Amino acid sequence: MSAPLDAPPSVEAVVLWLALLAPPLLGLAAWRLPPRRMLPVLLVGTPLPLATLWLLHRVSVGGGLEGAWSLAGLRLHWHLDGLAGLLLLLTQLLLLASAAYAVGHRRAAAVPERTFALFWPLLGGLAAALGLIWVAADLLTLYAALELMGLTAVGMMLLPGTGEALLAGMRYLLYALVGSLAWLLGVALLLGATGRLDLAGLAAASEPGAVTGIAMALLAAGLLLKAAIFPLHGWLVPVHASAWTPVSALHGALVVKASFFILMQLWQRLVPEAVAAAWLLGLLGSLAVLWGGLQACRASALKQVVAWSTVGQLGYLMLAFPLLAGTSAAVATLAWQATWLQLAGHALAKAAMFMAAGNLVLADGVSRLTDLAGACRQLPLALMTFGIAAVTLMGLPPSAGFTAKWLLLQAAILAGQWPWVVVLVVGTLLTATYVFRVFRCAFVEASPRHEVRPLPAGMDLVALLLALAALGLGLGAEWPLALLREEGMP
């Protein structure tokens, strides 16, 4: 469904933009009147995912929504299809869960209210940036949203105010700026060659050649840097080591995925048949799976384990590129569905795992794995949540991770691309290794009993619900997969 530039906006368009603009306004309100209980946060935030569910229904019935508007002589484009709607819904659910969790975290960690207050407007800005990324249909809007996302993410990483947090946050900012420079150079090349910034116009006007190839390489380099894809992942683990738990949950679940989403959209429109380059990205993803898994197996601190796990799990998404380039329609469909289901399942499970790990560290007052001895007796719910989230990361049934990896496995076998089959098997074994390493430390029965800090019950409940949602997504995968089938690829 589209409308002329000067036509009045449809009801669906109004609802969409209200859903995108509401989080910054709510963040500013929370800055002035910080919430002290989780329930009001949930009550205020719940209408947003409900509105997005209604939009998804409208999209499934009447097709995608699209439009454009003029700003200072520029024409900016937006588009909402099934994939963008699903990602917007996922974003709103995770933001709502993290906001509720953050209320309890502030109380449990005894963070001064004035220090924590800036978290809320930054959270609102991050929500707006992510929403814009999912619906933007031109390079200028995407650039603005990417920069807003990066600045708010860096700001949230700096909030603890410790020397470690400041050093890691500034390192993250430097990497993000380098990625933005590469992005701008790529955009400049495309604009000079085609005179277009909208994605549909670029797909129609661009031609295979050196200019398009160099531009796509620059765009990909910048986005891979922002997504922390191996070997450009050096900033990710340090920032999570010092960040507050709700910030780590959001960053690991959503922020790094946004850059991958943009890369996939551009790749499918500009160089969909670049087989050699696609295999290179698949190789980088494979190395990420192996390196991230090995480092997680060696990490000594719990949050480091979860952060290195993020590096490894992101690698599975990169396997989509060789399975989409130059393959049959059946292979491409399987890979397309598997990629987005893997992204959604990992987002839910990784947010739950960060929260569960944060609860273990906060309640126990320790961060090293060996110091978690006895946690099975004293913190069983947090440990159980960690395990349920790990089911999705390992790809065990009935989780979304199992369904996604099964589809990826089918696609790789059908395409005869056997290296990715090996990566899927070895990556699963590595994930199981570092997960059971955590449980081995937590189940040491000879540990002395010690006092643990009581946490608000809602902190464990929010993490558990996210972990269960990742399992439920696997059981109910037919609905999102049907939306992706109806929409098809760009």
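The values are calculated or read from the model by the stated rules, or taken from the named source; none is laboratory data. Because the structure is a prediction, the values reported are computed rather than measured. With ideal geometry, Cβ positions are generated from the backbone for all residues, glycine too; neighbour counts draw on all protein chains shown. Keep in mind that these areas ignore ligands, DNA and RNA; they rest on the heavy atoms of the full protein, side chains included. Shrake-Rupley method; radii C 1.70, N 1.55, O 1.52, S 1.80 Å.
Within the option set 464, 468, being touching a Leu at 6+ places or on another chain (Cβ under 8 Å) and either in a helix (DSSP H, G or I) or touching a residue at least 24 places away in the same chain (Cβ under 8 Å) (or both) holds for one residue only, 464. Within the set of pairs 6+ apart or on separate chains, which have a first residue in the range 215-226 that is closer than 21 Å to residue 195 by Cα, a second that is open to solvent by 10 Å² or more (accessible area, probe 1.4 Å), and C-beta atoms under 6 Å apart? Within 6 Å, the pairs are 215/189; 216/270; 216/271; 218/182; 218/185.
One residue stands out in the range 142-190 among those that are of a type in the set (S, T, N, Q) and out of contact with any Gly (no Cβ under 6 Å at 6 or more places or on another chain): the one that is nearest to residue 245 (Cα to Cα), namely 162. State which residue is nearest to residue 469 (Cα to Cα) when the search covers only the range 347-382 and only residues that are in a helix (DSSP H, G or I), of a type outside the set (A, V, I, L, M, F, W, C) and open to solvent by 40 Å² or more (accessible area, probe 1.4 Å). Filtering first and then ranking leaves 380. Applying a threshold of 7 Å to beta carbon distances and a minimum spacing of six or more residues, or different chains, the list of pairs starting in the range 25-42 at a residue that is part of a loop (DSSP other than H, G, I, E, B) and ending at one that is of a type in the set (D, E, K, R) reads 34/113. With respect to residue 204, determine if the residue is surrounded by fewer than 19 Cβ atoms within 10 Å (Cβ to Cβ) and either of a type in the set (Asp, Glu) or in contact with a helix residue (DSSP H, G or I) (Cβ under 7 Å, 6 or more places away or on another chain) (or both). No: the conditions fail for residue 204. Among the residues of the range 351-391, the one identified as charged (D, E, K, R) and over 21 Å from residue 109 (Cα atoms) is 377.
What number of residues within the range 267-307 satisfy the criterion of being over 29 Å from residue 208 (Cα atoms) and open to solvent by 40 Å² or more (accessible area, probe 1.4 Å)? Residues that pass the stated criteria total 6.
With the requirement that a residue be under 18 Å from residue 41 (Cα atoms) and open to solvent by 60 Å² or more (accessible area, probe 1.4 Å), what does the range 101-112 give you? Across the range 101-112, the qualifying residue is only 107.
The single condition among (1) out of contact with any Gly (no Cβ under 9 Å at 6 or more places or on another chain); (2) over 23 Å from residue 93 (Cβ atoms); (3) open to solvent by less than 10 Å² (accessible area, probe 1.4 Å) that residue 131 does not meet is (2).
Please specify each residue of the range 383-416 satisfying the condition of being surrounded by 24 or more Cβ atoms within 10 Å (Cβ to Cβ) and without any contact (Cβ under 8 Å) to a residue 40 or more places away in the chain. Across the range 383-416, the qualifying residue is only 395.
Considered as a group, the residues in the range 48-58 that are under 23 Å from the mean Cα position of the chain (by Cα) and in contact (Cβ under 8 Å) with a residue 24 or more places away in the chain include one that is most open to solvent (accessible area, probe 1.4 Å), and that residue is 54. Do we find that residue 275 is closer than 22 Å to residue 176 by Cβ and not charged (D, E, K, R) in this structure? In short, no. Among the residues making up the range 284-313, those that are over 21 Å from the mean Cα position of the chain (by Cα) and in contact (Cβ under 8 Å) with a residue 12 or more places away in the chain are 294, 297, 299, 300, 301.
Would you mind stating whether residue 339 is among the β-branched types (Val, Ile, Thr) and either surrounded by fewer than 21 Cβ atoms within 10 Å (Cβ to Cβ) or touching a Gly at 6+ places or on another chain (Cβ under 8 Å) (or both)? No.
Just one of the numbered conditions (1) touching a strand residue (DSSP E or B) at 6+ places or on another chain (Cβ under 6 Å); (2) open to solvent by 20 Å² or more (accessible area, probe 1.4 Å) is not true of residue 147: (1). Scanning the range 417-440 for residues that are under 21 Å from the mean Cα position of the chain (by Cα) and open to solvent by 20 Å² or more (accessible area, probe 1.4 Å) gives a single hit, 428.
With respect to the conditions (1) crowded, with 20+ Cβ neighbours inside 10 Å; (2) touching a residue at least 60 places away in the same chain (Cβ under 8 Å); (3) within 27 Å of residue 478 (Cβ to Cβ); (4) among the hydrophobic types (A, V, I, L, M, F, W, C), residue 330 falls short on a single one, namely (1). Residues of the range 180-201 being open to solvent by less than 40 Å² (accessible area, probe 1.4 Å), touching a strand residue (DSSP E or B) at 6+ places or on another chain (Cβ under 7 Å) and modelled with pLDDT under 85, which ones? Correct list: 198 only.
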